[in-house]
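The values are calculated or read from the model by the stated rules, or taken from the named source; none is laboratory data. If you're wondering where the values come from, they're calculated on a predicted model, not measured in any experiment. Reconstructed Cβ throughout: ideal geometry from the backbone, glycine too, with neighbour counts over all protein chains shown. In case anyone asks, the SASA skips ligands and DNA or RNA and just uses the protein heavy atoms, side chains included. Shrake-Rupley method; radii C 1.70, N 1.55, O 1.52, S 1.80 Å.
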Amino acid sequence: MSRVSWPLRAVTALVAVWLVVPTLIVIPLSFTDRASFAFPPKGWSLRYYERFFTDSGWLIALFNSAQLALIVTVVATALGSAASFALVRSRFRGAGALNGLLMAPIVVPTIIVAIAVYATFLRWGLVGTAAGFVLAHTVLATPYVIVTVTSALRTFDRRLERAAASLGATPWATLRHVTLPLILPGVASGAVFAFVTSFDEVVVSLFIQSPELQTLPVRMFSGVTNEVDPTIAAASTVVVAITTALILLPQLLRRNTDHA
Amino acid sequence: MPDHSPGAGVRVRDLTKRFGSAARPAVDAVSLDVRPGEFMTFLGPSGSGKTTTLNMIAGLEGVTGGEIRIGDRDVAALPAHRRDLGVVFQQYALFPHMTAAQNVAFPLRRRKLPKAEIAERVARTLDLVRLGDHADRLPRKLSGGQQQRVALARAIVFDPRVLLMDEPLGALDKKLREQLQIEIARLHRELGVTVIFVTHDQEEALALSDRIAVFNEGRIEQVGTASDLYERPATRFVAAFLGDSNAFEGTLSGGRLAGDGLDLRAPATDLPDGSRAALIVRPERLRLSGAPGSGDNAVSADVTDIVYQGAFRKVLIRFGNGGAGCVREAIGALSDIAPGDRVTVHWSPDHAVLVPA
Amino acid sequence: MFVVPMARLAWLSVTTPETGLANYRDVLTDGVSLTVIWRTLRMMLVVTAVCLLFAYPYAYVMTVVPPRTRAVLTTIVLLPFWTSLMARTFAWVVLLQKGGPVNDALAALGLGDVRLAGSATGVTIAMAQVMLPFMVLPLYSSMRDVDRALVPAALSLGARPAVAFLRVYLPLTLPGVAAGTTLVAVLSLGFYVTPALLGSPKESMIAQLIAVKVQDVLDFGAGGALSLTLLVVALALLGLVARFVRPGAALGMSDEGDRR
């Protein structure tokens, strides 16, 4: 019954191209040998990768972003997992409201979060500081951890915990040896989401950056607005490569454990 | 009874369906005549082409080749929604966002009947399937059997001349099935509609049908009444698919079937001398006797097991040539045997049928 | 950490420069703000309509193709979730530039020289690419649950194909349509990066206006008032979606696991 008429095929192909091309086009462009965005490039070179990896501005931005994303990943994963346990396992008054509040940064337009954070950080002296970045990105990343860990906990069979208890495991041992290993895929994908969220965040960062402390997306943003410099294409390719590797990592790990 | 149009005949010629580049057609040059008002069952294992044939008649599946006529109309060019056939689907296919009554009203609305008439006919049809007081329930609030009745009501409410049913009772438990079988038989009688009913359950086929078409590998093996198929199977497949049977294989020659250490009298047949054939005898047509021996209508066998089945017992046997068989004896007429005994089974020549091997 | 900045922003909106609702009165009376709000709403409608128009057939095709093709189509939809927004926006700058590939393609099709960069058309194309996954995923998840026998059933009962679609298929996929359109609408409302980089400053969206007020003139009163207006519209839209589906499902991320 898999008859798909040609107009449907055409729309599907168009949407697929629409979704994929912007991701792929930066790759050939990054290998151009001209100082222009002309596409397709006339000649090829590695000079913009050379510039990206030797220019201190770009390098520092990349380093800042990576470091920041790693810290945010750890903090958001810990906070988000704890919050998920609280939300799923205990029925306290206001759990629904708390859940709504924790999820709010996903649905509130980022620009609003950005200026609200900016207004507060100005007063607290956090603008342009590492602590400020960690704090802001953690708020944005935690909801994604909560979504994935909560859904992992919801599908988790609690009889396994009772079984572990009946076999003499302490609550802590049960958590460590039974619950956590089983919800690990959820936690891992939450962590990846957190990393990507922070690594890719640009709107809030634009407001709380300072010339001394810039992230890679911020550097790219000003690059696009101010200059015609294909180094941005090289930077884009690097970013896409890093996040793609990160997304594929848990899938590969999962495949391995499936075989074991 | 209301003014139901009498059923229409369905005539199918060389109907063929090939999916993609599959080596074997799903339906291979099937020809069949269903008489007006007849209850015809398509019986066969899954993948035998019976549902595909039904879907082509309904217009839900494209036709690779062949002709379909309903009544006196060639329906080849007619899309499904203009064929005026009632279809009952395997999993009912009730519209989940409409109540039972809205589901039943759907075909009438499409035909732009006046509101009052729609209401009247929906109510009447729901009563007919004994669901009058469930009209305003959504399908998910109904039991499986009730959903089945809504599907039935929806398929007959617009007085189609032919009703197609694709394993309509497949999802129900045994008791409910039997109950609904009786109800389908009653509706068929009362409405006079032609029914084509697809099933893989031979008991269901035997219980309901005027005639049965046995499908296998995209072809019809035989069309006939239940007793035709049981007493006079045309092929080994039909003999094996409907009930138990004993088969003796050999080569035809001068009115005898010889081979495998047997030399039996062959019943009258159109098969030419020298062709391979099998002699088929149903288990209840065999008689057992204690003394070993063989003859024109008898072979010797060893009793391997005896299984009691209520009013009958089944004696499992192994023939001299190694083939397995069975004998069914009514409890009132038991022979005095036990597993391990050597016996002779014999039959009346009238009860043996010859089919191509 | 999320509540405090939001509260502060709300507070600033009614206290700066002086206590009162003057900022809100300005939003509703000053011509610029109103023009921008109308423009943003119009853009939201266009982007949402474009997404629905293209995502509906795409999601439908996902439900009828063989599993292998479906896996490919699903990956394509998820691709934008992990590829950097900045990289993609930059790619659109390249693709939509004057004499760029999209221009060339349109010219080849005889559609002539359409100005894409710095125009509403360009912004729509790029924004729709970002939003398409949020439309496709809820649509797909509601279409996947529709019994495949229903449309044939409707046809057998005498419904023309168009009627079968309108009366049976469409109503059953309506929850997905509601979730997808609301989600895309809300996200489009607050979109900042794409219009800022691809659009013309003369045709700015509300997010840009907020950014300009806050970043350039540090007018937190006006920025806050605009933000809260935006937030109210967004929450009203979200309230609509919550009546149809669980919030998690609306985000298209909750039951990722059982979708495979």
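Yes or no, residue by residue, for (1) at pLDDT 90 or above; (2) of a type in the set (Ser, Thr, Tyr):
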| residue | (1), (2) |
| --- | --- |
| B:229 | yes, no |
| B:236 | yes, no |
| B:245 | no, yes |
| B:253 | no, yes |
| B:267 | no, no |
| B:275 | no, yes |
| B:284 | no, no |
| B:295 | no, no |
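Being hydroxyl-bearing (Ser, Thr, Tyr) and within 19 Å of residue B:209 (Cα to Cα) is the filter; apply it to the range B:49-86 and report the residue that is most open to solvent (accessible area, probe 1.4 Å).
If we filter the range B:49-86 for residues that are hydroxyl-bearing (Ser, Thr, Tyr), which is where we start, we get B:51-53, B:64.
Keeping just the survivors that are within 19 Å of residue B:209 (Cα to Cα) gives B:51, B:53.
Details: B:51: 37, B:53: 1 Å².
Checked the range B:49-86; the qualifying residue most open to solvent (accessible area, probe 1.4 Å) is B:51.
With respect to residue A:145, determine if the residue is among the β-branched types (Val, Ile, Thr), within 11 Å of chain C (Cβ to nearest Cβ) and open to solvent by less than 50 Å² (accessible area, probe 1.4 Å). Even if it seems obvious, please write down each step before you answer.
Numbers: among the β-branched types (Val, Ile, Thr): yes; within 11 Å of chain C (Cβ to nearest Cβ): no; open to solvent by less than 50 Å² (accessible area, probe 1.4 Å): yes.
For residue A:145, the condition - among the β-branched types (Val, Ile, Thr), within 11 Å of chain C (Cβ to nearest Cβ) and open to solvent by less than 50 Å² (accessible area, probe 1.4 Å) - is not met.
Whether any residue in the range B:93-104 is open to solvent by less than 40 Å² (accessible area, probe 1.4 Å), touching a residue at least 60 places away in the same chain (Cβ under 8 Å) and either in contact with a strand residue (DSSP E or B) (Cβ under 6 Å, 6 or more places away or on another chain) or acidic (Asp, Glu) (or both) is what I want to check.
no
Can you tell me how many residues in the range B:47-103 are of a type outside the set (Asp, Glu) and within 14 Å of chain C (Cβ to nearest Cβ)?
So the first thing to find is which residues in the range B:47-103 are of a type outside the set (Asp, Glu), and the list is B:47-60, B:62-66, B:68-71, B:73, B:75-83, B:85-103.
Imposing the further condition that a residue be within 14 Å of chain C (Cβ to nearest Cβ) reduces the set to B:51-52, B:54-60, B:62, B:70, B:75, B:78-83, B:85-99, B:102-103.
Result for the range B:47-103: 35.
So which residues in the range C:55-68 are open to solvent by less than 50 Å² (accessible area, probe 1.4 Å) and in a helix (DSSP H, G or I), if there are any at all?
Initially, the range C:55-68 is screened for residues open to solvent by less than 50 Å² (accessible area, probe 1.4 Å), giving C:55-59, C:61-65.
If the condition is that a residue be open to solvent by less than 50 Å² (accessible area, probe 1.4 Å) and in a helix (DSSP H, G or I), then C:55, C:56, C:57, C:58, C:59, C:61, C:62, C:63, C:64 are the ones that fit.
Select from the range B:146-176 the residues that are touching an Asp or Glu at 6+ places or on another chain (Cβ under 9 Å) and surrounded by fewer than 19 Cβ atoms within 10 Å (Cβ to Cβ) and write down the one among them that is nearest to residue B:91 (Cα to Cα).
B:170
Which ones in the range A:189-215 are of a type in the set (Gly, Ala, Ser) and at the interface with chain C (Cβ under 9 Å from one of its Cβ atoms)?
A:189
Yes or no: the range A:184-194 includes at least one residue that is part of a helix (DSSP H, G or I), among the aromatic types (Phe, Trp, Tyr) and more than 17 Å from the chain's Cα centre (by Cα). Write out each step before concluding.
Filtering the range A:184-194 down to residues part of a helix (DSSP H, G or I) leaves A:184-194.
Within this subset, residues satisfying the condition of being among the aromatic types (Phe, Trp, Tyr) are A:193.
Narrowing further to those that are more than 17 Å from the chain's Cα centre (by Cα): none.
No.
If I ask for residues that are within 9 Å of another protein chain (Cβ to nearest Cβ) and within 29 Å of residue A:5 (Cα to Cα), which ones from the range C:82-106 would you list? Please lay out each step first, then the result.
Pass one, the range C:82-106, residues within 9 Å of another protein chain (Cβ to nearest Cβ): C:82-95, C:97, C:99-101.
Listed by number, the list holds a single entry, C:101.
Among (1) surrounded by 18 or more Cβ atoms within 10 Å (Cβ to Cβ); (2) touching a helix residue (DSSP H, G or I) at 6+ places or on another chain (Cβ under 6 Å), where does residue B:343 come up short?
(2)
Only one of these conditions is not met by residue A:122: (1) within 30 Å of residue C:193 (Cβ to Cβ); (2) open to solvent by 40 Å² or more (accessible area, probe 1.4 Å); (3) free of Cβ contacts under 8 Å to residues at least 40 places away in the same chain; (4) in contact with a Pro (Cβ under 8 Å, 6 or more places away or on another chain). Which number is it?
Checking residue A:122 against (1) within 30 Å of residue C:193 (Cβ to Cβ); (2) open to solvent by 40 Å² or more (accessible area, probe 1.4 Å); (3) free of Cβ contacts under 8 Å to residues at least 40 places away in the same chain; (4) in contact with a Pro (Cβ under 8 Å, 6 or more places away or on another chain), the one that fails is (4).
Within the range C:146-170, track down each residue that is within 9 Å of another protein chain (Cβ to nearest Cβ), open to solvent by 40 Å² or more (accessible area, probe 1.4 Å) and without any contact (Cβ under 8 Å) to a residue 12 or more places away in the chain.
Correct list: C:147, C:148, C:160, C:161.
Within the range B:297-313, how many residues turn out to be free of Cβ contacts under 8 Å to residues at least 40 places away in the same chain, open to solvent by 20 Å² or more (accessible area, probe 1.4 Å) and not aromatic (Phe, Trp, Tyr)?
Total meeting the criteria: 7.
Please state which one of B:316, B:279, B:252 is touching a Phe, Trp or Tyr at 6+ places or on another chain (Cβ under 6 Å) and surrounded by 13 or more Cβ atoms within 10 Å (Cβ to Cβ). Walk me through it before giving the result.
Working: B:316 fails: touching a Phe, Trp or Tyr at 6+ places or on another chain (Cβ under 6 Å); B:252 fails: touching a Phe, Trp or Tyr at 6+ places or on another chain (Cβ under 6 Å).
B:279 is the lone residue from the list that is touching a Phe, Trp or Tyr at 6+ places or on another chain (Cβ under 6 Å) and surrounded by 13 or more Cβ atoms within 10 Å (Cβ to Cβ).
So that you can scan it fast, the table gives a plain yes or no per residue for (1) part of a helix (DSSP H, G or I); (2) at pLDDT 85 or above; (3) open to solvent by 20 Å² or more (accessible area, probe 1.4 Å); (4) over 30 Å from residue A:156 (Cα atoms):
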{"residue": "C:180", "(1), (2), (3), (4)": "yes, yes, no, no"}
{"residue": "C:185", "(1), (2), (3), (4)": "yes, yes, no, yes"}
{"residue": "C:195", "(1), (2), (3), (4)": "yes, yes, no, yes"}
{"residue": "C:202", "(1), (2), (3), (4)": "yes, no, yes, yes"}
{"residue": "C:238", "(1), (2), (3), (4)": "yes, no, yes, no"}
{"residue": "C:252", "(1), (2), (3), (4)": "no, no, no, no"}
{"residue": "C:257", "(1), (2), (3), (4)": "yes, no, yes, no"}
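Of all residues in the range B:166-180, how many are part of a helix (DSSP H, G or I) and either acidic (Asp, Glu) or within 16 Å of the chain's Cα centre (by Cα) (or both)? Lay out the reasoning, then the answer.
Residues of the range B:166-180 part of a helix (DSSP H, G or I): B:174-180.
Cutting the leftovers down to either acidic (Asp, Glu) or within 16 Å of the chain's Cα centre (by Cα) (or both) gives us B:177-178.
So the count comes out to 2.
Using beta carbons and a limit of 7 Å, which pairs, at least six apart or on different chains, have the first residue in the range A:237-251 and at the interface with another protein chain (Cβ under 10 Å from one of its Cβ atoms) and the second one assigned to a helix (DSSP H, G or I) and small (Gly, Ala, Ser)?
Every condition considered, the pairs that remain are A:237/A:30; A:239/C:87; A:240/C:87.
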